[in-house]
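Enquirer: If you scroll down you'll find the structure; I have some questions about it.
The values are calculated or read from the model by the stated rules, or taken from the named source; none is laboratory data. Values in this document were obtained by computation on a predicted structure and should not be read as measured data. Methodologically, a virtual Cβ is constructed for each residue, glycine included, from the backbone with ideal geometry; neighbour enumeration extends over all protein chains shown. Just the protein is used for accessible areas: all its heavy atoms, side chains included, with ligands, DNA and RNA removed. Shrake-Rupley method; radii C 1.70, N 1.55, O 1.52, S 1.80 Å.
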Amino acid sequence: MAQKSPTPNEQSDAPLEELTGTVENIVYRSEDTGYTVCAIAIPDRKDAITIVGHCAAIWTGEMLRARGRWARHKQHGLQFQAELLECIVPTSAYGIERFIASGMIRGISKVLAKRLVARFGEDTLRIIEKDSGRLEEVPGIGTKRRQQIKESWIEQKSVRDIMIFLQGHGVGTGQAARIYRQYGGQAIAIISENPYRLCSDVWGIGFKTADRVALSMGIPPHSAARSRAGLAYTLQTTTEEGHCFCTAPELILQAQDLLDIPPEILQEALKHEIAQRRLVQDDNRIYLPAIFEAENGIADKLAILTRTPPAFRPIVADKAVPWAEQQVKITFDARQAEALHMALTEKVSIITGGPGVGKTTIIRALVEIYGKRGLKVCLAAPTGRAAKRMEEATHHGASTIHRLLKFMPRDGSFEHNAGNPVQGDVFILDEVSMVDVILMHVFLSALPNACVFVLVGDIDQLPSVGPGNVLRDLIQSEKIPCVKLEHIFRQARGGLIVQNAHNINRGEYIETADVDDESDFYFFEAREPEQVIQRMIDLVTTRIPKKFGFDPLADIQVLTPMRKNELGADNLNILLQEALNPMGLHVERFGRIYRLRDRVMQIRNNYDKEIYNGDVGLITAVNLDDQNLLVDFDGKEVPYDFAELDELVLAYACSIHKAQGSEYPAVVLLIATQHFKLLQRNLIYTAITRGRKLVCLVGSSKAVTIAIHNNEMRLRRTGLAQRLVEKLVG
C-alpha cells in the first residue's frame, strides 16, 4: 500500500544549507509525485541523515546534493527538508557498487555488482557505457547479459533526463515512465512541440496533466491550441461515459467549465476542428470521427447483409429443428423452437434472454445443423473467457473477435477487413451486450456479405464499457428479427443463482438459503464497512473453501460496485493479498506490491502481448535481477518488465464492470449503502450472473433493496437505432 506523506514539519527559521552524501536507503518514494524520504551518509558524520523532498529519480548508492533547512518532524524527529534535490552519479567504488546493485540496471545482481567493481573499480560505469565489451571479462557475464546491461544503462540515462525535464513541468515519475515508453528518446522534443499529444498518445495521462505541462511551458490559456485540445478531451470524456455524441451547445458549455475560456473562442475552435474533420457534425450532434464512422458503418453493413442472399441453399427449418432436438437430446419449448427457426431462415437475427433460458442450447443446435450441411461456422465473443465458455458449451472452436479477425499489433489494424473478409458461412457472436460501436463496426466490416449472422446476448446486463449500446439499439430499431427467451431451464440443485437473477430483473427481492442448507446462493447481512470486510475475508479464506472445496486463489472472485473507498476493489485487494498471499518474492511499483502467486488483471489492451483489458492471470515468476516477472494467462506465460507493471492490478477483487463477460466458480458480492451512487438493478443482476456454482452476497438488505428498485438506467446518447431505421427499410 502506498505510504502517506508524513505530517508537515514544524516551522523552522534555520538558514539554508547544502549537504552532499551517498544514498544509503530509500525509506519511501511516491512514483506519482516524486516525494522521497531517504537516508544519506555524509563523510565524517557517524549517523545517516534523513532527507525529505521531491526528486525526479533516485537510486541507492547515488550521490545526493540537497539544499534546504533543518526541521523537526512531530513524529520522526530531526530531518533535512530539501527545497532542491540533485542526484549525482557516484564516483567511489563503494558508491558505484551500491548504485549498480540497487536494481536500476537489468542483469546486475548484488553478487554481480560486487564482481564488476572488484574488477573495474571506479572505472566501472565508464566501462559499462563506453567499453561494454570488457564486461565479459567478469565471470557470469556473456554476450547476452552484456548487451542487456548496456541497453538498460542507456535506457536509465534517457529516462532520467526525461524525468527531470517533466518534473520541472509538474509530471510525476510514474507518468514519466509511461511517456518514455511511448516516445523513447524523442520524448522531450515531441512534448515541447505539442504537449497536448500526451493525453491522446499516452495511456494513463489525461488532459489535466497535459494541460498543466502546456501551461507550464508557456502556452497561453486562451490559445487556439488549448481550446481545440480541450474540446477533443471533453468529447472523449463523454464517450468514456458510453455516449456516442454530444450536442454542440453542451460540448461548448462543458469545455468552458473545464478550460475557463470564453464561449466565442471555443465556438471558433469547434468550427476549425469540424472543418479539419477532427470532429464531425451531424445535425446538432458532434462526434469523434471514428464513432461517427462506426455508427454509419454498422447500419450500412447490416443493410447489405440482410439484402444479400446466402451462398448456400436454404435449410428447411421445419425438418432441421426436430433433427437438432435428437442431436442435443433436448426437447425445445415453443420459444426456443421459434428462435432456432428464425436463426435458420433469416440472414441476420438476434437471440436474447437472461441466464438459464437456453441461449447456449440454441447455439449448440445451430452448430449441429450447419455442421451437418458441411458449412463453416465461426463462433466468437468479445473476451477470451467468454469465448472459452462458448467453446466448452458447444464443443466447437470459438475465439475472441481480435483473434478471429487476426489483429496486427504493429500498426493496430486487422488482417481481415472489408477488403479481406473472414472465410465462413455462419457467424455467431455471443455476449453482444459487451460489444461497443467501434468493435462491432470492425467485426461487421470483416464478414462476407453472403454469410448468416446470429447475435446472442442479454440486454439486461450492464452495457459495454466503450461507447454505444449496440444490442439494445439493434433490438429497439425493430429492423432485425429478434426472439427473447424467458423460460428458465438451468435449475441445478438449489438453483437460486438463476432464480434470483430473474427475480432481480422483475424488481423482486432475492431468495436466500440458511447457511446450513445446501444451496448455490447465500446472503450475509453486514451493515458497517468493517463488518462487510470481516465477513468477506472469512468467507474467502475459510468458510467457502471448507464447505465447497474452492481454491481461494483460483476459484473465488470478490466483486464490488466500485474501485475507490473502503469497500472498493483497490482497498479490498490489499486486504485479500495480506490474507491469501502475504509472503514471498515480490516487487513494489506504482504504489502496489506484486508478489509471486498473486492473481492480477490487465487493465488496458496490450496488443503486442495479445493480452487485453480484463484478462486475469497468476504471477508465476519474479526476477529481480532482470527486473521482470511472468504472468500465466490461461496457460500462456507473458513477461512484464517492472516498468510495465502499471498495466497490472491485483485481481482478488474487481469491479462488477470489469467482470463482464466472465464467469467464476464462486463469487462473493459486496453490496453496501456506501455504494449508493452505483446501486442499480442491472449492476447487481450482472454481478450475480457471474457466479457459476456459488454466489455469496455480503452487505445490507437496505442496499440490495435500493439496487433492485432502481431500474433507471442512464440513457446513452447514440444514433445507431435511428440509422438502422433509415437504412433497413421494410
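Enquirer: For the chain, what is the calculated [θ] at 222 nm in deg cm²/dmol (nearest 500), taking -39500 (n - 2.57) for each run of four or more DSSP H residues and dividing by its residue count?
Expert: Value at 222 nm, helices only: -11500 deg cm²/dmol.
Enquirer: If you don't mind, there's one more thing I want to ask. Report the accessible area of W203, computed with a 1.4 Å probe over the heavy atoms of all protein chains in place, in Å² rounded to the nearest 10.
Expert: 80
Enquirer: Now for a separate question. In nanometres, what is the gap between the two model label sites at R527 and R285, each 7 Å from Cα along Cα-to-Cβ?
Expert: Taking the two extended label points, one gets 4.7 nm.
Enquirer: How many Å³ per residue does the convex hull of the Cα positions in region 314-455 occupy?
Expert: Looking at region 314-455, the number lands at 107 Å³ per residue.
Enquirer: Could you tell me whether region 483-532 comes out rounded, prolate or oblate from its Cα gyration tensor? Rule is a ≥ b ≥ c as square roots of the eigenvalues, rounded for a/c under 1.5, then prolate if a/b exceeds b/c, otherwise oblate.
Expert: Because a/c hits 1.5 or more and a/b fails to exceed b/c, region 483-532 counts as oblate.
Enquirer: Considering only DSSP beta bridges where both residues belong to the chain, give the percentage that are antiparallel (nearest 5).
Expert: 60
Enquirer: Charges only on Cβ, +1 for Lys and Arg, -1 for Asp and Glu: so what's the dipole of the chain about the Cα centre, in debye to the nearest 20?
Expert: Around 980 debye, computed over the chain.
Enquirer: For region 86-240, what is the largest minus smallest coordinate of the Cα atoms on each principal axis, given in angstrom and ordered from greatest to least?
Expert: Its Cα atoms span 59, 30, 21 Å along the three principal axes.
Enquirer: For region 562-631, place one equal point scatterer on every Cα, skip the solvent, and apply the Debye formula. What is log10 of I(q)/I(0) at q = 0.17 Å⁻¹?
Expert: Taken in order of the listed q values, log10 I(q)/I(0) reads -0.71.
Enquirer: So for the chain, averaging the separation of alpha carbon pairs under 8 Å that are six or more residues apart and normalising by length, what relative contact order in percent results?
Expert: 11
Enquirer: Return P(r) of region 163-243 (all Cα-Cα pairs; 10 Å bins starting at 0; whole %; ordered from short to long distances).
Expert: 18, 53, 26, 3
Enquirer: Just going by the charge dipole of the chain, with Lys and Arg at +1 and Asp and Glu at -1 on Cβ, which of I611, W323, W203 is farthest out on the positive end?
Expert: W323
Enquirer: Mind pulling up the Rg/Rh value for region 17-126? Radius of gyration and Kirkwood radius, both on Cα.
Expert: Here Rg/Rh amounts to 1.00.
Enquirer: Same structure again: Quick check: residue separation of T705 and E151 times 0.36 nm, minus the Cα distance between them. What number comes out in nm?
Expert: Difference between extended and current length: 193.6 nm.
Enquirer: Next question. Does anyone have the angle between helix 173-183 and the longest principal axis of the chain? Alpha-carbon axes, 0 to 90°, nearest 10?
Expert: Helix 173-183 sits at roughly 70 degrees to that axis.
Enquirer: Ok, one more. If you average 1/r over all unlike Cα pairs in region 25-82 and invert the result, what Kirkwood radius do you get in angstrom?
Expert: After inverting the mean inverse Cα-Cα distance, the result is 11.9 Å.
Enquirer: Based solely on C-alpha atoms, express the radius of gyration and the Dmax of region 573-729 in angstrom.
Expert: Over region 573-729's Cα set, Rg and Dmax evaluate to 19.3, 64 Å.
Enquirer: Just name one of I488, G242, I574: the one whose Cα is farthest towards the positive end of the charge dipole of the chain (beta-carbon charges, Lys/Arg +1, Asp/Glu -1).
Expert: I488
Enquirer: Ok, one more. At 10 °C and 1.306 mPa s, what whole-number value in µm²/s does Stokes-Einstein give for the translational diffusion of region 447-554, with Rh from the Kirkwood sum over Cα pairs?
Expert: Result for D is 88 µm²/s.
Enquirer: So which lysines pass the test for K157, namely a Cα distance under 17 Å, with those fewer than 8 places away in the same chain ruled out?
Expert: K130
Enquirer: Please state the shape class of region 393-466: rounded when a/c is under 1.5, otherwise prolate if a/b exceeds b/c and oblate if not, all from the C-alpha gyration tensor.
Expert: In terms of gyration-tensor shape, oblate.
Enquirer: Which whole-Hz ³J(HN,Hα) couplings does region 618-633 yield from phi under the Karplus relation 6.51 cos²θ - 1.76 cosθ + 1.60, θ = phi - 60°, glycine and proline marked x?
Expert: 10, 6, 10, 7, 10, 10, 6, 5, 8, 6, 8, 9, 10, 10, 8, 9
Enquirer: Just to be sure I understand the model, the point goes 7 Å from the Cα along the line to the Cβ. What's the resulting T345 to S192 distance in nm?
Expert: 7.1
Enquirer: While we're here: Extension gain S92-E511, at 0.36 nm per residue separation less the Cα-Cα distance, in nm?
Expert: Answer, rounded to one decimal: 143.7 nm.
Enquirer: As a test of reading the structure, rank R119, R723 by solvent-accessible area (1.4 Å probe, protein chains only), most first.
Expert: Greatest to least solvent exposure: R119, R723.
Enquirer: About the Cα centre, and with charges only on the beta carbon of Lys, Arg (+1) and Asp, Glu (-1), how big is the dipole of region 439-564? Nearest 20 debye, please.
Expert: The dipole magnitude comes to about 460 debye.
Enquirer: Within straight cross-link reach of K484, meaning Cα distance under 18 Å, which lysines are found once same-chain residues fewer than 8 apart are removed?
Expert: Cα-Cα hits under 18 Å: K347, K359.
Enquirer: Using every alpha carbon pair in region 658-730, what percent of pairs falls into each 5 Å bin from 0 up to the bin containing the largest distance?
Expert: Spelled out per bin, shortest first, that is 3, 14, 19, 17, 14, 9, 7, 8, 5, 3, 0.
Enquirer: For K484 and L16 in the same chain, what is the full-extension length gain: residue separation times 0.36 nm, less their Cα-Cα distance, in nm?
Expert: 160.9 nm
Enquirer: How large is the accessible surface of K388 in square angstrom, using a 1.4 angstrom probe and rounding to the nearest 10?
Expert: 100
Enquirer: Ok, one more. If packing is taken as the average count of other Cβ atoms within 10 Å, what order do 90-98, 132-140, 16-24, 678-686 fall into, highest mean first?
Expert: Going from most to least packed, we get 678-686, 90-98, 16-24, 132-140.
Enquirer: In addition: Return the lysines within reach of K702: Cα separation strictly under 22 angstrom, same-chain partners fewer than 8 residues apart disregarded; answer none if there are no such residues.
Expert: K564, K677
Enquirer: Set Lys and Arg Cβ to +1 and Asp and Glu Cβ to -1, take the dipole of the chain about its Cα centre, and tell me which of I475, P421, L215 lies farthest positive.
Expert: Of the candidates, P421 comes out farthest on the positive side.
Enquirer: In vacuo Debye scattering of the chain, one point per C-alpha: log10 I(q)/I(0) at q = 0.08, 0.09, 0.10 Å⁻¹?
Expert: Debye output, listed in q order: -0.78, -0.97, -1.15.
Enquirer: Once label points are set 7 Å from the Cα along Cα→Cβ at both I330 and A275, what is their separation, rounded to one decimal in nm?
Expert: 6.0
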